[in-house]
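> The structure follows.
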Amino acid sequence: MTDWKWTKIADHDRLTEGPVWDGKGLLYNECAASTTFRWDPKTNESTVWRENTGAANGQTFDRQGQLFVCEGDAHRVTKVDPENPNAEPLVISNAFKGETMNWPNDIAVDQKGRVYFTDPNYTGGPGNLEHESVYMSEHTFGGNWNTMRVTFDTLKPNGVLFSIDQKTVFVADTPNQPEDPKRLLAYPVNEDGTLGYSQVLHDFGRGRSIDGMTLSSAGTILATAGSSSGGPGPMIYEFEASGRVVRTHPTPADNPTNCTFGGSSLSTLFVTFMGGEVYQVDNVGHTGQLAYPQRRF
């Protein structure tokens, strides 16, 4: 299915990110406004769901329906109560070896409850940490969380995603400088949650590479990438787990930022954009592979 029908469901002033389906509606962030919105398909309207989010960006549910959020401007990763989103969240990670995180950006949780997140520096100046890496936070006895650095070769990691069998973590490495490699990387997951050596699945050259990603039930990676400023333009890429590009879909707005599946059968794709737009695409030829909620028939 190559011809997608795009429908705009929301339009904000600035960057939208972090779309997640909560079972009945779509949560997404207007990052600079530090606001999470919830779009209701019954009314086709978006309303404020959470405020003072610390410029929240990527977010994800685990299998129990717990919501984990990257709060970039607050330099932390939190767990937010979906039943009381404006209550003070639980801090999962806000430092590594005593140093404040850079700008937590995107997030994934494995079946063991380990939280993986990317930590690029988007401040335009020196970061709090000298490196821009992927981290894993693990719940320990006593109610604490331990944060471990798990990549040592990333330049500016952004989107992060698990394969269906959870044996691989896909990472979008998106450095800003034209001469820096912009790649989709795959890391094998070790038993203890650390990551092995990366494999380059795709190189975007000098074009805008992947920002966010989601997974279909067949293991296909759907990724937001590209820009009108160069290369083939803004689009959704469909990758096999091997990195082979299956097909691409031009987007109606520039600089797509992230995507997720939703709807009762998880067959609708929701896409956010740098300009603040949020779109839905019905019947994309895939169903989503989400930890939560499970697909309903």
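Rule-based calculations on the coordinates, nothing more; no lab input. Everything numeric here is computed off the predicted structure, so don't read it as measured data. Positions of Cβ are generated from backbone atoms using ideal geometry, with glycine treated the same way; all protein chains shown enter the neighbour counts.
> Over region 6-281, what is the relative contact order in whole percent, taking alpha-carbon pairs under 8 Å and six or more residues apart?
Reported as a whole number, the value is 16 percent.
> Compute the longest continuous run of the chain that contains no exposed GluC sites (Glu not before Pro); treat a site as exposed when its DSSP state is not H, G, I, E or B and it has at most 13 other Cβ atoms within 10 Å.
Free of exposed loop sites, the longest segment is 1-82.
> I would also like to ask the following. Can you sort Arg244, Arg149, Arg114 so the residue with the fewest Cβ neighbours within 10 Å comes first?
Result, fewest neighbours first: Arg244, Arg149, Arg114.
> Using 1/(1 + (r/R0)^6) with R0 = 35 angstrom and r between the beta carbons of Val245 and Asn94, what's the FRET efficiency to the nearest 0.05?
Taking R0 as 35 Å, the efficiency between Val245 and Asn94 is 0.40.
> Run through region 1-30 and list the trypsin sites (Lys or Arg not before Pro) located in a DSSP loop whose Cβ has at most 15 other Cβ atoms within 10 Å. Walk me through the numbers on the way to the answer.
Values: sites: Lys5, Lys8, Arg14, Lys24; in loops: Lys5, Arg14, Lys24.
The qualifying sites are Lys5, Arg14, Lys24.
> Quick check: residue separation of Asp153 and Asn283 times 0.36 nm, minus the Cα distance between them. What number comes out in nm?
43.0 nm
> Mind checking the log10 I(q)/I(0) for the chain at q = 0.07, 0.09, 0.13, 0.15 Å⁻¹? Debye, one equal scatterer per Cα, no solvent, two decimals.
Log10 I(q)/I(0), no solvent term: -0.22, -0.37, -0.83, -1.16.
> Please list, or write none, the lysines whose alpha carbon is within less than 23 Å of the alpha carbon of Lys156, excluding same-chain residues fewer than 8 places away.
Filter leaves Lys97, Lys167, Lys182.
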